[in-house]
Amino acid sequence: MDFSQHFLSILIWLPVFGGIALLAIGDRHAEGSGWGGTMRVTALIVSALTFLISLKLYAGFRNSIAVMQFVERVEWIPSLNVFYYLGVDGISAPLILLTTFITPLVVIAAWDTIKVRPAQYFAAFLILEGLMIGVFSALDGLLFYVFWEAMLVPMFLIIGVWGGARRVYATLKFFLYTFLGSVLMLVAFIYLYRLTGSFDLFVFMEVPIGMTAQKLIFIAFLLAFAVKVPMWPVHTWLPDAHVEAPTGGSVILAAIMLKMGGYGFLRLSLPIVPDGSAYFSGMMIALSLIAIVYISFVALMQQDMKKLIAYSSIAHMGFVTLGFFLFWWIQGDSGAVLGMSGGMVQMISHGLISGALFLCVGVLYDRVHSRQIADYGGVANTMPVFAAFMVLFAMANAGLPGTSGFVGEFMVIIASFKANFWFAFLAATILVLGAAYTLWMIKRVIYGDVANEKVSVLKDLNRREFIVLGVLAVSVLLIGLWPAPLVDMMNATIEHLIERIGHSKL
Amino acid sequence: MYNYYLTIVLAPLAAAIVAGLSGKQLRRAGAHWITILAVGLSFALSVFVLKHQVIDGGAVDNFYVYTWAVTDGLRMEVGFLVDRLTALMMVVVTFVSLMVHIYTIGYMRDDPGYERFFSYISLFTFSMLMLVMSNNFLQLFFGWEAVGLVSYLLIGFWYKRETAIVANLKAFLVNRVGDFGFILGIAAIVFMTNSLDYATVFASAESIAAQDIEVISGSPWNAMTVICILLFIGAMGKSAQAPLHVWLPDSMEGPTPISALIHAATMVTAGIFMVARMSPLYELSETALAVVIIIGAITAFFMGLVGIVQNDIKRVIAYSTLSQLGYMTVALGASAYSAAIFHLMTHAFFKALLFLAAGSVIIAMHHEQDIRKMGGIRKYMPITYWTALVGTLALIGFPGSSGFFSKDLLIEAVRDSHWHGQGAVYWIAYLSVLLGVFVTALYSFRLFFLVFHGEERMDDEIKSHLRETPWVITVPLVMLAVPSAIIGWYTVQPVLFGNYFGDAIAVAGNHDVLAKIGAGWHGSLSLVQHAVQTPVFWLAAGGALTAWFLYVKRPDIPATIKDKLSGLYNLLDRKYYFDDLYIKGFAAGGRAIGRTLSEKGDQFLIDGILVNGTANAVSRLAGVMRQLQTGYLYTYAFAMIIGLTMLLGWLIWLR
């Protein structure tokens, strides 16, 4: 077997089969060494190996071209003309790298904090990883849909089995929201299939579609993706899901699953129905700006750290959709690529920062078993190293230059000024509001005198936690100080996409 | 030179990282030695760069170090622009920083966060150098925010104190309000020029000024005015101009060395530096300059007044800093950029000196900061006393001192800036800076007399320990006292009238007040000799004498005045109610909006009615449907018949 011909398949199926193997190993002697150790080490090896292999995606990726790379295409269901069709471009490759980068960290973070059914926990994450890579690399509509829906199952289990007290409510809300949205996406795919006789996304992109159909398809896609991002007002599942999810679940949810929505807009909505997207772009921008301003105010008043970070995620994802839909509003001949690249960079950066913040909350939760801000205070006294990390990630979340959080926001604000002063004005309020909710939380949790007995006996980070947060800190700073490698990876693809959506398909 | 510039910037950064990460392994001496050596190296090389620029007539260096990102034709890069303006700032920043590093050894001697403190102040030096050496707006914003970060960390350095962590949050957020304007200004620049590079932007300044931006649809505003005002909002945050000044007095919660370094000498002058750097833009918008001069004038006069009623030794100096920053801003608004930068430089020396002298007193007083509990310290701390006197005289503009030259000529420049018209703008600016001289002398000498002269009001316990501070503290005082006293004499002529800044600062022909003053310039000696003929001298003397009369001769009078003018006193004591407005208005308002949106929007409307409402409707519908599924055959048969009838009817009649 020629590995280079099946590169993406390996990335997808290695973690999936690794997960299945873990299920076979099971929880026997989970507490001791023996099988228990094997199970954890297997999970780590599989996820680390996946990451190492995925590095070829960076090393072997050609920045200068916009066509799909690492393509695999074989017939899957010949009677329906469905293909097992994979490939990556500058939009999906960074997201796959983000996925393979975050997963091993989640595995390490869960090393000895998950006591119940650990093997199944790790298995769920590995299988989820493979399916998410599948979403990012599928180029056939039906294949995309299958990965998209399959992904819900492990996440549903992660929240439902290892979640908190109200996990049933949260999982149902999560499942129904996302499932209802994606069913409409399937309807849109079937319509397009009837139109073209194919599920090939590139065929979808080429075929002329009438305006009414474009609007309807856009709405169908919108429901699927807006729920995932999530955009205001279909966002309320996210805080609940985050609060109830175990730390690892929150990390994957915030870092990667939310990006599915943004990815969907770029891969499907914009190129397949450009005129429909143009028609709704004003509404999309309005919803994005509402998300930034409205949700930031809501975040300010949260008493639960995870909820606060969840709301912060919604506000920051507002920059993603804002950047994506600026194209039709830009005056002059440049700015659209800037906005879209900014949105993409924001997705990657938010993946790192929100993941890191959820891990930080997890570190505290493991010790104190509370997520309430009021139960903390003066953590810096007993956990100085942890405090340094958390302040760093908080600053990144507040968009401090030099951290990755700044890059995307800066690009999107600049691009939105080219569209309209007030777009930029409202978007830039995140400078004040984002700092307000993040740093107010820091003030109440990290700073101050030791608030209570539980805080007074806190132990600082252990080596495992230090490694996880340290790796994330380095990557947040690296992208903040030198985003060029990331931006260069996306440029050609985004320019090509802008070129494509500039032409009407009516 | 390339390697010199890199070393100047990176040495403090490297030291900050080493001191910060290795922490306790390095031990205290290790932390202060590595940072002091690094900053000392930066200082020495900065002096060399200044010499290269000024004496050797070296060329202006403008180059990029690396490309941050390029997309959509917009180059975002990191690079240096080193000209005489930059070189001057580099020397001021690294010199004050070096003094503060040395001083810190004494001041923070017993503090458990010793290594962390050195790491922070070195990181600050790096950030500030990045700011002043930048050749583009991206890096300017990086430095701008990075100094804000370090300021945040240092104000909250003693993080156990509630007041400190309230103050640092406040400082960061108020600065962010300024940065909000600043980033929109940068976005406007990119909108107009599609570039972040200073040189490119300046080259297209004329064409920007010829265009409009429709901020409010239907009313086009001049693009340059919009850009300059937005950028100035950033300067108002960083340089603490009213109404964004509220964070600076509270920043005194931080350790005194950083009050001197960050909140007096360097960081707070970043806004002044930025406007001077952007002079090619500001010169093209007289509207923006009018805004600048008015904001500066209000700050210069009214913040000085507040200084008169403060009783915390550091807060008096903080209000003095606000007022002096106002002076610099007024000079910017009068297009006398060189005068603003000259005052920035002298102020950096004498204000750092005053803060460090105050810190010396605070240490000797065992961290007592209330001047009502001091008095007569002169005989216990002679070095601190004399250096503080030098600083105070420089601050009020005593003839011959550094502050005399910078302030006197600044005021002359404002007096001659008739191009703003003879209207309200001109008179507000001129009278503010003129009357501000009296106010400055009054609060400065009030502080000086209350601390060093008169009755010894401290308790015996403290008095028994009162003695001069160790050499690591007094040496920096003396080192700062020297330039505070004499630097004006030697530098005023070249800096203000010798075209020192060359092309670094642009002034439109009809705005060039300094050229007018320069025409009648007869040297430093002549200016000092004629000092008594100016109103400035008599106002300063009047202020100092009033302070002497009220606080040395008749210390019973101030209490009477306070009672008689209680309305005015309260207004000043409550700092014009700005804090109350912000806390009750914006902070509480923001929380109320957040609570409303959270409870009424998310929980009630979206979750309550839409989501759970839908869920309830579905479950009710399901209940109805369940009724239909009775399990009885005749029900199904009946339903089938009805359905069949309806289908047939549709086929027959409607098709």
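Charges only on Cβ, +1 for Lys and Arg, -1 for Asp and Glu: so what's the dipole of region A:1-150 about the Cα centre, in debye to the nearest 20?
On the way: 7 positive and 10 negative charges, 58 e Å.
In debye, rounded to 20, region A:1-150 gives about 280.
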## Note on the structure
Taking r as the C-beta separation of B:Glu461 and B:Asn570 and R0 as 22 Å, the FRET efficiency to the nearest 0.05 is 0.05
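In percent, what relative contact order does chain A have, based on Cα pairs under 8 Å that are 6 or more apart in sequence?
Working: 898 pairs, mean separation 79.9, N = 506.
Here the relative contact order equals 16 percent.
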### Summary
Here the FRET efficiency for A:Arg117 versus B:Val624, based on Cβ atoms and R0 = 45 Å and rounded to 0.05, is 0.65
### Query
Roughly what would the spin-label model give for B:Trp538 and A:Ile219, points 7 Å off Cα along C-beta, in nm?
8.1 nm
### Query
In degrees from 0 to 90, rounded to the nearest 10, what is the angle of the helix B:286-309 Cα long axis to the longest principal axis of chain B?
70 degrees
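Using the number of other C-beta atoms within 10 angstrom as an exposure proxy, rank B:Val132, B:Val528 with the fewest first. Don't skip to the end; give the middle numbers.
Working: B:Val132 25, B:Val528 18.
Listed from fewest to most nearby Cβ atoms, that is B:Val528, B:Val132.
With a cut-off of 8 Å between alpha carbons and a minimum separation of six or more residues, what is the relative contact order of chain B in percent?
Details: 1029 pairs, mean separation 77.6, N = 655.
The normalised contact order for chain B reaches 12 percent.
Please get the size of the charge dipole for the protein assembly as shown, origin at its Cα centre, with Cβ charges of +1 on Lys and Arg and -1 on Asp and Glu, quoted in debye to the nearest 20.
On the way: 69 positive and 68 negative charges, 423 e Å.
Taking the Cα centre of the protein assembly as shown as origin, the dipole is about 2020 debye.
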### Message
Just to confirm the number: angle between the C-alpha axis of helix B:114-133 and the first principal axis of chain B, 0 to 90 degrees, nearest 10?
### Response
90 degrees
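Normalising by the residue count of region A:69-154, find the relative contact order in percent from Cα pairs under 8 Å and 6+ residues apart. Write down the numbers at each step before the final one.
Working: 85 pairs, mean separation 27.3, N = 86.
Computed value for region A:69-154: 32 percent relative contact order.
What is the sum of charges around A:Asn397, taking Lys and Arg as +1, Asp and Glu as -1, for the other residues whose C-beta is under 15 Å from the C-beta of A:Asn397? Working shown, then result.
Working: positive: A:Lys306, A:Lys307, A:Lys443, B:Arg176; negative: A:Glu409, B:Glu145.
The answer is +2.
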### Query
Label point 7 Å out from B:Asp111 along Cα-to-Cβ: which residues of region B:38-61 have amide N under 20 Å?
B:38-40
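Between B:Asp370 and B:Ile583, what FRET efficiency comes out of the Förster formula 1/(1 + (r/R0)^6) with R0 = 30 Å and r the beta carbon distance, rounded to 0.05?
On the way: r = 24 Å, r/R0 = 0.79.
Efficiency computed from Cβ-Cβ geometry: 0.80.
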#### Entry: Zone of B:Asp416's modelled label, taken as backbone nitrogen in region B:388-409 under 14 Å from a point 7 Å along Cα→Cβ
B:408-409
### Message
Can you give me the distance in nm between label points at A:Ala374 and A:Ile53, each placed 7 Å from the Cα along the Cα-to-Cβ direction?
### Response
5.0 nm
### Task
On a 0 to 90° scale, report how tilted helix B:471-492 is relative to the longest principal axis of chain B, with both axes built from alpha carbons and the result rounded to the nearest 10.
80 degrees
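Please sort by residue number the trypsin sites (Lys or Arg not before Pro) in region B:384-472 whose DSSP state is loop and whose Cβ has at most 11 other Cβ atoms within 10 Å. Don't skip to the answer; put the middle values down first.
Numbers: sites: B:Lys407, B:Arg415, B:Arg446, B:Arg457, B:Lys463, B:Arg467; in loops: B:Arg457, B:Arg467.
Answer by residue number: B:Arg467.
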### Query
Lysine pairs in chain A 8 or more apart or on different chains: how many have alpha carbons under 24 angstrom apart?
23
#### Entry: Neighbourhood charge, 15 Å Cβ-Cβ cut-off, centred on B:Ala429 and excluding it, Lys, Arg +1 and Asp, Glu -1
-1
### Query
What is the fewest-to-most order of B:Phe350, B:Phe549, A:Phe221, B:Phe497 by other Cβ atoms lying within 10 Å of their Cβ?
B:Phe549, B:Phe497, A:Phe221, B:Phe350
### Potential lengthening between B:Phe497 and B:Leu37 on full extension [0.36 nm per residue; Cα-Cα distance subtracted]
162.0 nm
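Nearest 5 percent is fine: what portion of the DSSP beta bridges confined to region B:8-109 is antiparallel? Display every interim value, and only then the final one.
Values: 9 of 9 bridges.
If I count the DSSP bridges inside region B:8-109, around 100 percent turn out antiparallel.
Cβ neighbours within 10 Å, averaged per peptide: list B:169-175, A:360-366, B:588-594, B:288-294 in order, most packed at the top. Don't skip to the end; give the middle numbers.
Details: B:169-175: 24.9, A:360-366: 21.6, B:588-594: 15.6, B:288-294: 23.1.
Ranking, from highest mean packing down: B:169-175, B:288-294, A:360-366, B:588-594.
Calculate the dipole size of chain B relative to its Cα centre from +1 charges on Lys and Arg beta carbons and -1 charges on Asp and Glu beta carbons; express the result in debye to the nearest 20. Don't skip to the end; give the middle numbers.
Working: 41 positive and 41 negative charges, 279 e Å.
It comes to approximately 1340 debye.
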#### Entry: Distance between modelled label sites at B:Asn311 and A:Val385, nm, 7 Å Cα→Cβ extension
4.7 nm
### Message
Which three extents, in angstrom, do the Cα atoms of the protein assembly as shown have along their principal axes, listed largest first?
### Response
113, 66, 61
### Message
To check you understand DSSP bridge types, tell me what percent of the beta bridges within the protein assembly as shown (both residues inside) are antiparallel, rounded to 5.
### Response
100 percent
### Summary
Reduced to Cα centres, the span from region A:104-147 to region B:1-65 in Å works out to 47 Å
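Give me the net charge for the shell around A:Glu244: Cβ to Cβ below 12 angstrom, other residues only, Lys and Arg +1, Asp and Glu -1. Display every interim value, and only then the final one.
Numbers: positive: A:Arg166, A:Arg167, A:Lys173, A:Lys306, A:Lys307, A:Arg371; negative: A:Asp240, A:Asp304.
Charge balance near A:Glu244 sits at +4.
How would you rank A:Asp89, A:Asp333, B:Asp607, going from fewest to most other Cβ atoms within 10 Å of each one's own Cβ? Mind showing how you got there, number by number?
Details: A:Asp89 24, A:Asp333 10, B:Asp607 18.
Listing A:Asp89, A:Asp333, B:Asp607 from fewest to most nearby Cβ atoms yields A:Asp333, B:Asp607, A:Asp89.
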### Message
Given the -39500 (n - 2.57) contribution per DSSP H run of 4+ residues, what per-residue ellipticity at 222 nm results for chain B, rounded to the nearest 500 deg cm²/dmol?
### Response
-22500 deg cm²/dmol
### Query
Toward the positive end of the charge dipole of chain B, about the Cα centre and with charges on Cβ (Lys, Arg +1; Asp, Glu -1), which of B:Ala339, B:Gly40, B:Thr474 goes farthest?
B:Thr474
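Computed from the coordinates by the stated procedures, all read-outs in this text should not be read as laboratory data. Just so it is clear, the structure is predicted and the values come from calculations on it, not from any experiment. Glycine also receives a Cβ, built like all others from the backbone with ideal geometry; neighbour counts cover every protein chain displayed.
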